[in-house]
Ligand SMILES: [Zn+2]
């Protein structure tokens, strides 16, 4: 619980009560439950719940069952799922995923729209406006904002797409949020019947995924890293004490371009020996070729002319093929070099891993652990957990909408000690 001015204290208590409602989602809870789990007195909770009902955020849903001792039936409350909505958009290379969520984080509607690789950023902006009009529907719905997640370098402070690896023809530094705002104003969606302008946000999808993972695990007070590892690319999101780290040039978290084997293979970024290049299928095939003489019996040495696919490597690994296992050991080593260096800089409480490479399962995590332990300060391993991520790729939309809801609640119940994204 925060201390400070009476108003800050009151808002802090209200936010704690709202957190309990958010955790409960659509399940009803009693004043006693909230008091037990928040440490706030029953009288104060009751007062806050009444205020939240007056503002339409919370609903009374009748009486619950009586206690086992035969006590009075408690009154139950839950968030009013009709109170407000937020729209999340995830831009994939081949499709646009759009979802409308309510304040309980329940998905109300979801659309998937195929997009051509030749789509311009201006056309994409118009598509988002069209989808917003269709999905949000009638004037009765109070939309608080739109969050856009995408791969690439994104200036989240100014709403600008600096660079997209999937849409290389897009003009650099496109101010998408300004363009979106202007189009939404023309369509009448930007300021709704509550006279509140929409909150428009955009960020790298891995950052939003990191935020969703933090909320899911309730890791707001520490530092954590979300790392996506695939042969097609490496991305990450870094959170320090509940805030997403973006950096001066918005490249904080580009762990894929951390050098793990100096002066090695050329990377598209201009560097050499970057983690992303070393984890690419081309590089993995070069590693297989180098190790072939020591493993003539391997099932990976069959088709001399064609590349070994990721699935072939995975299947061979699961059949305990010695060459495949040796390659996975090398992959774990490369990842651990990056994570050791990262550990020395930000010393995270938690590193969560997602993507194609987690299909090597606990073996890969164990090897990464062992490798970090053997090469770096033991304090890095002692204080940092490395685990599989709990949420999937689609969680970028959840992360974006969590930020929009928190921004909205911060407007209603501002906390001095909290930043824009906490
Ligand atoms: Zn690079």
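Some observations on this one:
- Of all residues in region 270-298 being more than 10 Å from the ligand (Cβ to nearest atom) and under 24 Å from the mean Cα position of the chain (by Cα), the one that is nearest to residue 371 (Cα to Cα): 279
- Failed condition for residue 188, given (1) over 19 Å from residue 158 (Cβ atoms); (2) more than 16 Å from the ligand (Cβ to nearest atom); (3) touching a helix residue (DSSP H, G or I) at 6+ places or on another chain (Cβ under 7 Å): (3)
- Test: residue 249 is more than 11 Å from the ligand (Cβ to nearest atom), closer than 28 Å to residue 161 by Cβ and in a loop (DSSP other than H, G, I, E, B): yes
- For residue 267: the one exception among (1) free of Cβ contacts under 8 Å to residues at least 40 places away in the same chain; (2) away from the ligand (no atom under 16 Å from the Cβ): (2)
- Unique residue being buried (at least 17 other Cβ atoms within 10 Å of the Cβ), at pLDDT below 95 and over 25 Å from residue 18 (Cα atoms) when the list is 81, 132: 132
- Residue identified as within 19 Å of residue 337 (Cα to Cα) and modelled with pLDDT of 90 or more among 272, 207: 272
- Yes/no for residue 344 being outside any loop (DSSP other than H, G, I, E, B) and either at positive phi or within 16 Å of the ligand (Cβ to nearest atom) (or both): no
- Residue 170 satisfies every condition listed in (1) more than 18 Å from residue 87 (Cβ to Cβ); (2) touching a helix residue (DSSP H, G or I) at 6+ places or on another chain (Cβ under 8 Å); (3) assigned to a strand (DSSP E or B) except (3).
So that you can scan it fast, the table gives a plain yes or no per residue for (1) touching a helix residue (DSSP H, G or I) at 6+ places or on another chain (Cβ under 6 Å); (2) outside any helix (DSSP H, G or I); (3) outside the structural domain of residue 188 (by TED's automatic domain parsing):
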{"position": "101", "(1), (2), (3)": "yes, yes, no"}
{"position": "105", "(1), (2), (3)": "no, yes, no"}
{"position": "112", "(1), (2), (3)": "no, yes, no"}
{"position": "117", "(1), (2), (3)": "no, yes, no"}
{"position": "131", "(1), (2), (3)": "no, no, no"}
{"position": "135", "(1), (2), (3)": "no, no, no"}
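- Leading residue by the ranking (farthest from residue 91 (Cα to Cα)) among those in region 144-157 that are touching a helix residue (DSSP H, G or I) at 6+ places or on another chain (Cβ under 8 Å) and part of a loop (DSSP other than H, G, I, E, B): 156
The values are calculated or read from the model by the stated rules, or taken from the named source; none is laboratory data. Keep in mind that this is a model prediction, so the values were computed, not measured. As a convention, Cβ positions derive from the backbone with ideal geometry for all residues, glycine included, and neighbour counts pool all protein chains shown.
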